[in-house]
Amino acid sequence: MGRSIDPMGQRIAKHEMDSGVKLYHRRRQLQAMGRWRAALKRLRNPEDRFVTLGYLAQAHCENGEFQEMLTYAMQQIELANARDDPYMKAEAFLNLAKAYERLADFSKAISYGRSSLQHRSMDPRTPGYAHLVIALAQLGFSQFQPSLEAFEQAMQVANKTGDKLLELQICVGLGALFTLLKDLGKALVFLRNALAILHTVTMDDVHAKYKSVILYHLSVVLRKSGAIVDAKDACDEALRLSMDSGNRPVQARCLSSLADINRELGETEAKETFTKSWARYDAAYEIMRLINDRTGQVLVLGSMAKSASEGRRHDLGQCECQAIQLNKKCLDVAKNIGCKHAMLKCHLRLQELYRQLCDEDSEDIAKKAVTSLTQEMELFCNFCGQRYGLKDESLQALRCSHIFHERCLHNHLTQRENKTCPKCQCKAILMDNISIQLSPSAGSLDNVGAAASGLCRGPSTSAQGGSTTASSHISNFVGHPAPSLMRIKPCCSKDDFGLPQALLAVDENAEASRVLKSPQPLVISRSLTVTDV
């Protein structure tokens with residue numbers, strides 16, 4: 001005989017599920033997860049078990065506990081397969097894609113995201129989140145044009161379903177994309193819109209989580225724009241919020257951003273300020289290593305390599321050998337995950353270091369790698385033939401998602417009768433308004449600083465008093481209306497080249513990262529998570 005279901009036990013289990021959600025929203029994560037684990041031992045209903053597994057996977061994901069996240073994710077996909085439920089499979093494939101995107105296995109993230117799109121979904125928001133995870137994975141690969149296209153598809157779903165949290169996450173993703181391409185004006189536009197959307201969120205824990213992410217990305221844009229004081233203010237607040245919520249991935253990124261800021265301050269204030277950055281880099285990398293955040297490791301290693309080179313230039317005890325070693329370590333991790341943009345930056349730094357050392361052979365190898373990666377990522381304008389992404393300049397894309405210098409594309413479209421994309425010959429559509437063509441002063445330092453103050457106060461409004469919507473900015477950008485809305489000798493001879501202690505530690509997650517490449521059914525939950533309750 002099968003095991004009978006105890007009605008009282010099921011009611012207790014359901015109560016533990018609900019109380020776990022309440023505890024989680026009050027930022028008592030450990031207690032919440034304890035309730036959910038207890039509920040799992042009693043629950044017999046497959047749908048309730050699926051939801052609870054999603055709660056646990058999401059909680060561990062936000063804490064940066066990716067291995068624990070996979071434990072529950074695997075159970076969730078197994079349950080979906082056992083029931084052969086197409087609606088549950090759509091969610092399971094999406095969660096699997098999210099897991100692999102977090103673990104920087106971008107190929108699998110894209111593949112499972114597409115699998116989710118092939119299944120019917122009970123939740124109309126699910127396809128939007130599938131497009132979002134595909135966009136983020138493409139961005140991880142530095143495939144900017146496919147990423148932009150997927151972001152647009154996700155925004156269409158957000159507009160159709162009215163999902164403001166999805167719209168918010170798309171804006172943050174677009175802010176990150178344009179930050180990498182150094183179109184800081186557009187990056188700021190999307191981050192402003194993300195914060196404007198955030199002001200409509202009433203749950204304190206959700207508000208704090210997303211605000212820390214937005215402010216972190218904002219600190220990066222402000223620092224690159226030269227607004228160092230504003231960048232530090234934004235990052236300090238993001239760090240506080242991430243520590244309060246226990247979000248270790250964001251906390252580590254904030255520490256790295258603060259180290260970058262202190263590195264910039266070191267050039268204008270004092271050597272002591274510059275030196276402070278290394279302690280924060282070390283702390284950030286240690287967190288990234290412990291939680292196996294390989295994307296974060298690339299971020300920190302790249303910043304450390306740049307800091308090592310600048311430290312030598314400012315006579316702070318740094319040398320080329322340390323900078324070269326850090327760049328090579330960063331390059332290894334970036335190659336492993338396929339992040340071409342990080343690889344490009346490593347080769348650019350190595351090219352300059354080898355030039356200073358008069359190592360012509362190594363310099364030439366790095367130079368060739370830079371050229372090859374630039375071509376692979378198509379980081380050049382088809383009109384002027386010049387690279388973009390090297391300095392702050394406004395870019396523009398067409399409906400086909402091909403990207404050009406804004407000024408070049410504008411001239412092309414205004415001087416030719418046959419308005420087509422020079423890359424794919426598709427019809428070129430460009431909407432002539434401020435969302436497409438930022439004014440020359442839009443990305444200036446003064447305006448960026450003023451915008452930073454606005455970000456801390458609240459949502460922006462137009463002259464007519466209406467809110468600026470994120471959906472209008474992305475649709476305008478892609479070009480169609482929104483559905484709704486001297487020789488230097490190396491001085492170090494040690495094998496470790498004076499690297500920080502965190503980099504010399506044994507990587508206990510190396511074997512685990514190799515295991516992830518096996519085609520095992522793993523999944524985390526998106527729909528029906530604690531942020532959706």
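The values are calculated or read from the model by the stated rules, or taken from the named source; none is laboratory data. Values in this document were obtained by computation on a predicted structure and should not be read as measured data. SASA here: full protein model, heavy atoms, side chains in, ligands and nucleic acids out. Shrake-Rupley method; radii C 1.70, N 1.55, O 1.52, S 1.80 Å.
For region 127-218, count all C-alpha to C-alpha pairs, find those more than 21 Å apart, and express that count as a whole percent of the total.
26
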(request) Output the pairs from LYS224/LYS367; LYS98/LYS368; LYS232/LYS340 with a Cα-Cα distance over 31 Å in this structure; if there are none, say none. (result) LYS98/LYS368
(request) Could you state how much accessible area ASP359 has, in square angstrom rounded to the nearest 10, with a 1.4 Å probe and all protein chains kept in place? (result) 50
(request) Can you run the Rg to Rh ratio on region 1-75? Use alpha carbon positions and the Kirkwood inverse-distance Rh. (result) 1.00
(request) Using Cα positions and a limit of under 17 Å, work out the lysines in reach of LYS22, with same-chain residues fewer than 8 apart set aside. (result) LYS14, LYS209
(message) Using square roots of five times the C-alpha gyration tensor eigenvalues, list the equivalent-ellipsoid semi-axes of region 53-148 in whole Å, biggest first.
(response) 20, 17, 10
(message) Order CYS235, CYS426 by their accessible area, 1.4 angstrom probe, all chains in place, largest first.
(response) CYS426, CYS235
(request) Quote the accessible area belonging to LYS14 in square angstrom, nearest 10, computed with a 1.4 Å probe and with ligands, DNA and RNA left uncounted. (result) 90
